[in-house]
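The values are calculated or read from the model by the stated rules, or taken from the named source; none is laboratory data. What you see is a predicted model, and the numbers here were worked out from it, not measured in a lab. Glycine also receives a Cβ, built like all others from the backbone with ideal geometry; neighbour counts cover every protein chain displayed.
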Amino acid sequence: MAATTRMSLSGTSHVTLPPEDHPRYKSLMAREKLVEAADAVARQGLIAHGRGEAFDYLLGEQTCPPAVDAIRAASSMMVGATNPVISVNGNVVALAAREVAHLSEVSGAKVEINLFHRTPERVAALTRMMGDAGVKALGENADANIPGLTSERAKCCSDGIGSADVVLVPLEDGARCRALVDMGKQVITIDLNPLSRTAQTAHVTIVDELTRCLPLLTESVRVGAVVEDFDNEKNLQKVIDFISDRLSRTE
Ligand code: PTJ
């Protein structure tokens, strides 16, 4: 099937979309979603997405066995939390607003728009997008700061991240992840790069693609998985071994 000119995802313009039988259809449509949400996604987010794509190639675009273990550990942490919060940024909302909404519903976690490149316009746009997915997200009335960070990226809500015991921060910047850990939060991240500072700093790092991982995490929360002996450092090493094995077998 050839590429077609079709109505854009938002229905506001015509764009050339990949044919549905294109081998990279899912990946190309993810790019399309980010481009469509251009006002809400930071330009830097497009670069971050490209880095993620490269790591996903190395993983074979699949949820690897260590990621399955990390998903179970993360869900156990969320189930045991008193005040869990899902922190979302531009990329996360553009790619997975519905999946976040579902996880929030099943886990009881609040959702907070929490941005690195924060502007009132972006927070408002992302709040609307989460609203369209059925979630009343926190973030617009940020009244607290994440200690150790300066400027707009420090802002958060006292009834959200400020008072959370467990925070899920997909696609997070390393300094902000470190600041959340230093606040005493239990931090879960989803990050395709097992070598990133965020991956190395969080308590549970799920090395998997966001949209592939969220439904698995939601299901694991639903069944109430209990994991008591998770070692993030060892798990990351297993991911690196998984990638190395794949690469050494590639002809
Ligand atoms: O919307 P804002 O203003 O909060 O900004 C968001 C970005 C993503 C720009 C900001 O948080 C940032 O700069 O992030 P980093 O430091 O580039 O880290 C993003 C990490 O997410 C990188 O390690 C990528 O490999 C990874 N990543 C990118 N896309 C995906 C991903 N991990 C999982 N699934 C993805 N789809």
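Odds and ends about this structure:
- Leading residue by the ranking (modelled with the highest pLDDT) among those in the stretch 15-39 that are part of a loop (DSSP other than H, G, I, E, B) and either near the ligand (Cβ under 8 Å from one of its atoms) or not aliphatic (A, V, I, L, M) (or both): Asp39
- Condition broken by Arg122, with the remaining ones in (1) more than 8 Å from the ligand (Cβ to nearest atom); (2) modelled with pLDDT of 95 or more satisfied: (1)
- Count of residues meeting criterion [within 8 Å of the ligand (Cβ to nearest atom) and of a type outside the set (S, T, N, Q)] in the stretch 97-118: 4
- Just one of (1) near the ligand (Cβ under 9 Å from one of its atoms); (2) out of contact with any Phe, Trp or Tyr (no Cβ under 9 Å at 6 or more places or on another chain); (3) on the phi < 0 side of the Ramachandran plot fails for Asp231. It is (1).
- Exactly one residue out of Asp182, Asp165 is within 21 Å of Ser104 (Cβ to Cβ), over 13 Å from the mean Cα position of the chain (by Cα) and not aromatic (Phe, Trp, Tyr), and it is Asp165.
- Failed item, numbered, when Gly139 is tested on (1) at positive phi; (2) out of contact with any Cys (no Cβ under 9 Å at 6 or more places or on another chain); (3) at pLDDT 95 or above: (2)
- Where a residue in the stretch 49-62 is within 15 Å of Glu32 (Cβ to Cβ) and its partner, wherever it lies, is near the ligand (Cβ under 8 Å from one of its atoms), with Cβ under 7 Å and at least six apart: His49/Asn91
- Selection count where residues are of a type outside the set (A, V, I, L, M, F, W, C) and closer than 24 Å to Ile47 by Cβ, scope the stretch 152-175: 7
- Within the stretch 13-37, residues that are touching a residue at least 60 places away in the same chain (Cβ under 8 Å) reach partners that are surrounded by 14 or more Cβ atoms within 10 Å (Cβ to Cβ) and outside any helix (DSSP H, G or I) with beta carbons closer than 7 Å, at six or more positions or on different chains, in the pairs Lys33/Leu9; Leu34/Val41.
- Gly184 meets all of the listed conditions (1) out of contact with any helix residue (DSSP H, G or I) (no Cβ under 7 Å at 6 or more places or on another chain); (2) buried (at least 21 other Cβ atoms within 10 Å of the Cβ); (3) at positive phi but one, namely (2).
- Whichever residue in the stretch 145-176 is free of Cβ contacts under 8 Å to residues at least 40 places away in the same chain, out of contact with any Asp or Glu (no Cβ under 9 Å at 6 or more places or on another chain) and not β-branched (Val, Ile, Thr) and, among such residues, is surrounded by the most Cβ atoms within 10 Å (Cβ to Cβ): Leu149
- Residue count for the stretch 84-142, restricted to those that are of a type in the set (A, V, I, L, M, F, W, C) and part of a strand (DSSP E or B): 6
- Positions within the stretch 147-166 being within 24 Å of Ala73 (Cβ to Cβ) and within 14 Å of the ligand (Cβ to nearest atom), in sequence order: Ile161
- Subset of the stretch 40-63 [near the ligand (Cβ under 7 Å from one of its atoms) and either at pLDDT below 95 or assigned to a loop (DSSP other than H, G, I, E, B) (or both)]: Val41, Ala42
- Check on Val88, within 16 Å of the ligand (Cβ to nearest atom), hydrophobic (A, V, I, L, M, F, W, C) and touching a Pro at 6+ places or on another chain (Cβ under 6 Å): no
- Residue within the stretch 83-94 that is closer than 28 Å to Gln237 by Cα, at pLDDT 95 or above, crowded, with 17+ Cβ neighbours inside 10 Å and hydroxyl-bearing (Ser, Thr, Tyr) present: yes
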